[in-house]
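Quick notes on the structure that follows.
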Protein chains: 2
Amino acid sequence: MDRLESILPAVSWLRRYKRRDLFGDLSAGLIVAIMLIPQGMAYALLAGLPPVTGLYASTVPLVVYALFGSSRQLAVGPVAIVSLLTFSGVSLIAKQGTAEYLALAALLALMVGVIQALLGLLRAGFITNFLSHAVVSGFTSAAALIIGLSQLKHLLGVGLHSSHGVFPLLAEALQRLAETNLVTLTIGMGSIIFLLTLKRLAPRFPAPLVVVGLGSLIVYLFRLDQRGVGIVGEVPAGLPSVALPALSLDAVAALLPVALTIAFVSFMESIAVARSIAAKERDKVDANRELIGLGLANVVGSLFRAYPVTGGFSRSAVNYQAGARTPLASIVTALLVVLTLLFFTPLFTYLPKAVLAAIVMVAVFGLIDLKEPRQLFRLKPVDGWTLVITFAATLLVGVEQGILAGVGFSLLVFVWRSAYPHTAELGYLPKEDVFRNVRRYPEAETFAGVLMTRVDASLYFANMAFLERRMADAIADRPELKHIVIDFSAVNDVDAVALETLAERRRELAEQGIDLYLASVKGPVRDLMVKAGWVETWGDTIFHPSIKHALAEVGVELPAKQRISVSFGAAERNP
Amino acid sequence: MDRLESILPAVSWLRRYKRRDLFGDLSAGLIVAIMLIPQGMAYALLAGLPPVTGLYASTVPLVVYALFGSSRQLAVGPVAIVSLLTFSGVSLIAKQGTAEYLALAALLALMVGVIQALLGLLRAGFITNFLSHAVVSGFTSAAALIIGLSQLKHLLGVGLHSSHGVFPLLAEALQRLAETNLVTLTIGMGSIIFLLTLKRLAPRFPAPLVVVGLGSLIVYLFRLDQRGVGIVGEVPAGLPSVALPALSLDAVAALLPVALTIAFVSFMESIAVARSIAAKERDKVDANRELIGLGLANVVGSLFRAYPVTGGFSRSAVNYQAGARTPLASIVTALLVVLTLLFFTPLFTYLPKAVLAAIVMVAVFGLIDLKEPRQLFRLKPVDGWTLVITFAATLLVGVEQGILAGVGFSLLVFVWRSAYPHTAELGYLPKEDVFRNVRRYPEAETFAGVLMTRVDASLYFANMAFLERRMADAIADRPELKHIVIDFSAVNDVDAVALETLAERRRELAEQGIDLYLASVKGPVRDLMVKAGWVETWGDTIFHPSIKHALAEVGVELPAKQRISVSFGAAERNP
């Protein structure tokens, strides 16, 4: 990778651009644009913004990502979950529909972009690992439910006021069910049925564009807007003007939690999509490069009145399936949105909001994943609980608190687990010539006066107390004990407290006439023990290459290996 | 342990009380009381409270801990760091010297007690493991510096106003150095020198009591209080009246962060002291029982106008060395403090604050630990950095933020480490008959067409991407590769994402004509693979008991073992 390429990754695909990629890029760009235009407007509405903001967010950010991102097929733009987070953050400090609300949404995009770009430049993409799979899955399902319910007001044509909290919203909707505008409901439900049917029967058919067109036409012809059907209204024509988001320290401080949440969550969604496409193409995605690409898309987008964007799951999949070979496809999409902004906005004036609500609802209910919790509960109940806790906290407390609760619970589980690690007493299996847990292999042989154990964890201050207690119990149970052999093959790390405790225990045991041997200590751990002065104190002989070596030192005779097993290797074959 | 004992642990030592323990308990109780009376007043002053509050906190909580705690020699009472934290929390919401300040300090004790008791009842003592050794050490050193500097005002006799921030305080002290009251400074410096000298020459001599007596006497005889020497003033005689701390939701919310910090930090200090004494006595300390004991001591104490207490390091050590055999010693201490409150408070009227400041300063500068950071930097630089970051943040930003920064950085390091685990290509050492990292043992033998690797980490979503990249690089470097053997002996856990990725990779490699073998998979991990359906898909043969078994399957002949090493066991000895 040369210098120019490392600054502007687009040079790589531009230089190698092949004429035969052009058709795929053009048609994929067109198909994604057809999907993006209604989705962009719908998601902007979800974020509490005018629909045109969704179109603005579908222009400049796409081009910037095409130039700086690392995925060749990722389709960047407004997505449902980021829109929900934008709403939850901005609506707390500004009133929807005001100029301040618009300015804060752009500021939020700037902040998200700066955070992402900084994380990428610092090569700190790894910190998104705080969000485990279970947390992301639980959060996504809950967010999908919240988003779906938030569209009820457009679907029923009733101005519901409970903007925060799922149950207050449901209660209000039920109370005011009688006020439902039946024409609106019919348009909305008709759109949902149409979208769901075509999704199943003809997944490649541009159903959203069709419902948008048909819905607008029906409203226009029958002047349904005069019968209470909410419409998008006049969408301002023309490109977004350039404007630096107003920077106020108070606003930045107030938006910081939601900006961090969006930066993490949108990156997680984006990198997951990019990786799954790259794996199919045997291509590579660099997490830090990806953060920089997304970050710049958001930063530059914020100057053009956009709100936070990311790589979305459904449009990226469509982009890839429709034959996109390079980021040129996204540039094509952006150009088509620009053309729409310049010439076609009058077409959206009579677009019923109920149609946009139907598009959002159909899109997000696909995000509710019931398979994942079942699989997690089967494999690892605690991961299942992490998912359930994240889901419940997101739904009941709030979208940012939900993620925090999930991360907090994961960390709690991690600390709990590492404080109480699995240990095993080992016995010898002559047939396989290996040492195994005597609880699982009761036939494994143990030797009088010798305790062989294995610790399945790195040793550090927080689990030494537990392990010492285990060891003390084991010693108390065996009055005749003379030798303890600890298998260190699963100890990947030790800290200063663990080293000190081990050394002290070794001395104390020696006073009681019990020798402590370490077997299969791996290089990095051994280095630390050497640094701690163990070799100076005890000599190199405290490290035994294997349990067998330690047993030989102790004078244990292993039972003869039975020759009925597979024979392996010269050592056994030519005795 | 019978039922009564499990509710009231004191029953255990009361039932078995022996007459010969009595002398040790009585004399230790007396010696600790002599130490505690001046320290209690000094620490209360540090917490921004009147000195008598320190005496109140030295009565009821001691008795409650004696009845419910699990350590036999822990000396509970006011300690320096908890006093600093109390000051930093309460002084933000109330003005020092007001009734509100007193009420909030008692409320804080109640909150700390409830948190600790709840953690103990939920058996959640493990969550204090979030505070690593490095964080606690860095925090303690910084807190000691802050406490020492906070006493400057009493030592110089200048009313410094910069109560928060080390550097503003130092700057103000330097600016106003000319205002120093020389008599006060002489008394303070004299006390410090006296205390330090006796600490070295006669560590068991009750020097604090002597400086308190001498200092008071000198001030009284020469009426130095009329020459600007700050004195304690009238200390109200009599026992504390019972009063429920005023509960207001706002106050609880404002104090919650500092209450959590005190609950954790004071438990860490307490359990460390209790464990180190118990280890010498071959006694046991139960962390959850300890939390309940400390929690109840704080809860009941808060009803008697106390402020948060914990088991202190220095007094517990003195208690143990002075011969305390049971918690009766603490009850004796408490009774002596009660006698003091009833009859001797007039003696403290002329006690100069500079003497109390000297006692605090001498006590806390012993807490500054320079050995620990040096050892950490030598053994594990990243732990050293954790200490330095905690130290710097505590000193420069604030005491609670310092702990948070330390915990945050530790978690960051943990996530970073587990995202980029250590891996090794293995080779065979015939002499030792083991498999080792070829980088460390270049003489280790490898076999054409076979790659043997070891992963030194549990596998989960956050490190699979890194490990897959490593694997892909290794495969790209070896065009002739046919078999990959992964040594799973250091893999202590796998999550659902890791299982899925491994299964997928195994299928993909098979398509490329490369077999993937797993060796030495341990029981708990194997269980998860079985649950994930691996055995149904691939049969039981995917699990090889050892690398040797996997190599035998592949048809590799291991070189003959050389007989010059120690011989171990029948298998080799009787060929």
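The values are calculated or read from the model by the stated rules, or taken from the named source; none is laboratory data. Note that the coordinates shown come from a computational prediction; the quantities given were computed from them, not determined experimentally. Every residue, glycine among them, receives a Cβ derived from its backbone with ideal geometry; neighbour counts consider all protein chains shown.
The figures follow:
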item: Residue that is without any contact (Cβ under 8 Å) to a residue 24 or more places away in the chain and either touching an Asp or Glu at 6+ places or on another chain (Cβ under 9 Å) or part of a strand (DSSP E or B) (or both), where the choices are B:R454, B:R436, B:R440; result: B:R436
item: Total residues in region B:66-79, condition surrounded by 24 or more Cβ atoms within 10 Å (Cβ to Cβ) and assigned to a helix (DSSP H, G or I); result: 1
item: Of all residues in region A:534-557 being small (G, A, S) and at the interface with another protein chain (Cβ under 10 Å from one of its Cβ atoms), the one that is farthest from the chain's Cα centre (by Cα); result: A:G555
item: Among (1) away from chain B (no Cβ under 13 Å); (2) part of a helix (DSSP H, G or I); (3) surrounded by 21 or more Cβ atoms within 10 Å (Cβ to Cβ) - the single one A:A462 does not satisfy; result: (1)
item: Qualifying position, being outside any helix (DSSP H, G or I) and farther than 28 Å from B:V413 by Cα, among B:G97, B:G89; result: B:G97
item: Check on A:A251, closer than 30 Å to A:L404 by Cα, buried (at least 16 other Cβ atoms within 10 Å of the Cβ) and either within 28 Å of the chain's Cα centre (by Cα) or at pLDDT below 90 (or both); result: yes
item: Boolean, A:A393 is touching an Asp or Glu at 6+ places or on another chain (Cβ under 9 Å) and more than 14 Å from chain B (Cβ to nearest Cβ); result: no
item: In region A:43-59, residue surrounded by the fewest Cβ atoms within 10 Å (Cβ to Cβ) [restricted to those that are in a helix (DSSP H, G or I) and out of contact with any Pro (no Cβ under 8 Å at 6 or more places or on another chain)]; result: A:P51
item: Helices (runs of 4 or more DSSP H) contained in region A:494-559 and holding at least 2 residues in contact (Cβ under 8 Å) with a residue 60 or more places away in the chain and aliphatic (A, V, I, L, M); result: A:547-554
item: Any hit, region B:231-239, residues being loosely packed, with under 13 Cβ neighbours inside 10 Å, of a type outside the set (D, E) and on the phi > 0 side of the Ramachandran plot; result: yes
item: Looking only at region B:414-432, and only at residues there that are facing chain A (nearest Cβ under 7 Å) and not aromatic (F, W, Y), the one that is surrounded by the fewest Cβ atoms within 10 Å (Cβ to Cβ); result: B:H422
item: Residue match in region A:561-568 (condition: within 10 Å of chain B (Cβ to nearest Cβ), touching a helix residue (DSSP H, G or I) at 6+ places or on another chain (Cβ under 6 Å) and modelled with pLDDT of 75 or more); result: no
item: So B:F447, is it within 13 Å of chain A (Cβ to nearest Cβ), surrounded by fewer than 22 Cβ atoms within 10 Å (Cβ to Cβ) and at pLDDT below 90; result: no
item: Selection count where residues are closer than 16 Å to A:M529 by Cβ and among the small types (G, A, S), scope region A:453-489; result: 2
item: Leading residue by the ranking (surrounded by the fewest Cβ atoms within 10 Å (Cβ to Cβ)) among those in region B:1-41 that are touching a Ser or Thr at 6+ places or on another chain (Cβ under 8 Å), outside the structural domain of B:T310 (by TED's automatic domain parsing) and closer than 22 Å to B:G77 by Cα; result: B:W13
item: The listed residue being in the same structural domain as A:L55 (by TED's automatic domain parsing) and either within 18 Å of A:S12 (Cβ to Cβ) or under 17 Å from the mean Cα position of the chain (by Cα) (or both), out of A:A287, A:A334; result: A:A287
item: Members of region B:433-442 that are within 7 Å of another protein chain (Cβ to nearest Cβ) and among the basic types (K, R); result: B:R440
item: The one condition in (1) closer than 26 Å to A:D527 by Cβ; (2) in contact with a Gly (Cβ under 7 Å, 6 or more places away or on another chain); (3) charged (D, E, K, R) that A:E468 fails to fulfil; result: (2)
item: Condition check for B:F414: assigned to a helix (DSSP H, G or I) and in contact with a Ser or Thr (Cβ under 7 Å, 6 or more places away or on another chain); result: no
item: Flag for A:A144 being assigned to a loop (DSSP other than H, G, I, E, B), among the small types (G, A, S) and within 28 Å of A:A306 (Cβ to Cβ); result: no
item: Options A:V11, A:V82, A:V63: the member that is in a helix (DSSP H, G or I) and free of Cβ contacts under 8 Å to residues at least 12 places away in the same chain; result: A:V11
item: The one condition in (1) within 14 Å of another protein chain (Cβ to nearest Cβ); (2) outside any helix (DSSP H, G or I); (3) touching an Asp or Glu at 6+ places or on another chain (Cβ under 8 Å) that B:D383 fails to fulfil; result: (2)
item: B:A498, sole failed condition from (1) within 12 Å of chain A (Cβ to nearest Cβ); (2) modelled with pLDDT of 90 or more; (3) surrounded by 15 or more Cβ atoms within 10 Å (Cβ to Cβ); result: (2)
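Every residue, every condition in (1) hydrophobic (A, V, I, L, M, F, W, C); (2) under 26 Å from A:D487 (Cα atoms); (3) touching a Phe, Trp or Tyr at 6+ places or on another chain (Cβ under 8 Å), yes or no:
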residue: B:Y420; (1), (2), (3): no, yes, yes
residue: B:P430; (1), (2), (3): no, yes, no
residue: B:Y441; (1), (2), (3): no, yes, no
residue: B:S458; (1), (2), (3): no, yes, no
residue: B:A472; (1), (2), (3): yes, no, no
residue: B:I475; (1), (2), (3): yes, no, no
residue: B:R478; (1), (2), (3): no, no, no
residue: B:L509; (1), (2), (3): yes, no, no
residue: B:V521; (1), (2), (3): yes, yes, yes
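This table checks each residue for (1) in contact (Cβ under 8 Å) with a residue 60 or more places away in the chain; (2) within 29 Å of B:A66 (Cα to Cα); (3) over 24 Å from the mean Cα position of the chain (by Cα).
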| residue | (1), (2), (3) |
| --- | --- |
| B:T345 | yes, yes, yes |
| B:A363 | yes, yes, no |
| B:L379 | no, no, no |
| B:F391 | yes, no, no |
| B:R417 | no, no, no |
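For (1) over 19 Å from A:M268 (Cα atoms); (2) free of Cβ contacts under 8 Å to residues at least 60 places away in the same chain; (3) of a type in the set (S, T, Y), each residue gets a yes or a no:
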site: A:L121; (1), (2), (3): no, no, no
site: A:L131; (1), (2), (3): no, no, no
site: A:A134; (1), (2), (3): no, no, no
site: A:G138; (1), (2), (3): no, no, no
site: A:S141; (1), (2), (3): no, no, yes
site: A:Q151; (1), (2), (3): yes, no, no
site: A:G157; (1), (2), (3): yes, no, no
site: A:L160; (1), (2), (3): yes, yes, no
site: A:P168; (1), (2), (3): yes, yes, no
